[in-house]
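Data block below; observations after.
The values are calculated or read from the model by the stated rules, or taken from the named source; none is laboratory data. What you see is a predicted model; the values in this text were computed from it and never measured. In this analysis, Cβ positions are derived from the backbone assuming ideal geometry, glycine residues included, and neighbour counts consider all displayed protein chains. We work out accessible area using only protein heavy atoms, side chains counted, and drop any ligands, DNA or RNA first. Shrake-Rupley method; radii C 1.70, N 1.55, O 1.52, S 1.80 Å.
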Amino acid sequence: LAGAARGRWKVRSQWDPMSRSKTIAEWRADRTGVLVGTKSLMTGVDAPGDTCSLVILDRVPRSRNNPVDEARTRTVAEATETDYWSATNATYVSDAATLLEQAAGRLIRSASDRGVFAVLDPRLHPKSGFKMAARDRRTYMAALEAFTQRTSDQTAVRRMLSAEAAAA
């Protein structure tokens with residue numbers, strides 16, 4: 001990404017040698033900068049206003065298996081009398097929807113914030129050819145219900161971002 005920017009904007013990431021807090025502070029101060037990270041930047045990063053106008057998620061996030069979720073899965077399986085796989089899926093889909101909502105929250109921090117939250121996971125597009133259980137897709141889309149304008153048209157997204165940049 002830094003190579004593609006060719007100096008037009010500064011790319012910062014969670015892998016930079018400086019501390020996480022310094023990296024985020026520098027990004028906040030640079031309205032044209034880019035911040036790249038993984039799940040570690042989905043929560044606790046607050047940048048209201050013009051600093052953050054685009055959040056891109058490559059896929060719906062999922063937590064790693066852990067003892068707490070394993071216990072929740074067993075409880076769900078017993079309570080609903082379903083198989084372990086279905087209970088695991090229910091547990092992790094619920095967690096992933098929460099993470100998806102938190103990632104979207106990086107973009108909208110105040111009532112006046114505007115921008116694009118792009119989820120590149122083809123499984124969320126019903127005509128993509130990639131399969132996801134309809135129930136799971138509905139759960140993920142419900143996490144994004146605050147975003148009432150949705151599109152898969154890249155030209156429309158580019159126009160919106162260009163208009164935002166011109167207005168700033």
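Just the number, please: carbon plus sulfur as a percent of the accessible area of the chain, 1.4 Å probe, no ligands or DNA/RNA counted. Provide the component values of the computation, followed by the final result.
Details: 5820 of 10850 Å².
Ligands and nucleic acids excluded, carbon and sulfur reach 54 percent.
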Taking a spot 7 Å from the Cα of Leu161 along the direction of its beta carbon, which residues of the stretch 100-128 have an amide N less than 14 Å from it?
-> 115-120
Debye sum, Cα scatterers, the stretch 29-122, no solvent: what log₁₀ I/I(0) at q = 0.13, 0.16, 0.21, 0.23 1/Å?
-> -0.55, -0.72, -0.98, -1.10
Between [x] 17.2; [y] 17.9; [z] 15.6, which matches Kirkwood radius over Cα pairs in Å calculated for the structure shown?
-> [y]
Can you give the helix-only mean residue ellipticity at 222 nm for the chain, where every DSSP H stretch with n ≥ 4 adds -39500 (n - 2.57) and the sum goes over all residues, rounded to the nearest 500 deg cm²/dmol?
-> -13500 deg cm²/dmol
Relative contact order computed over the chain (Cα-Cα under 8 Å; 6+ residues apart), in percent = 21 percent
Could you work out how far the C-alpha centroid of the stretch 26-98 sits from that of the stretch 105-168, in angstrom?
-> 16 Å
Within the set Gly105, Gly129, Gly44, GNM on the chain using Cα springs under 10 Å gives the largest fluctuation to Gly129
Longest the chain segment clear of GluC sites (Glu not before Pro) sitting in DSSP loops (not H, G, I, E or B) with at most 10 other Cβ atoms within 10 Å runs 1-80
Leaving out ligands and nucleic acids, note down the accessible area per residue over the chain with a 1.4 angstrom probe, in whole Å².
-> 65 Å²
Please give the length that would be gained between Ala29 and Gln14 if that part of the chain were fully extended, namely 0.36 nm times their separation in residues minus their C-alpha to C-alpha distance (nm, one decimal).
-> 3.8 nm
Among Ala97, Ala79, Ala47, the residue with the largest mean-square fluctuation in a Gaussian network model of the chain built from Cα contacts under 10 Å is Ala79
Just in the stretch 81-166: which trypsin sites (Lys or Arg not before Pro) are loop by DSSP and have at most 16 other Cβ atoms within 10 Å?
-> Arg109, Arg114, Lys127, Lys131, Arg150
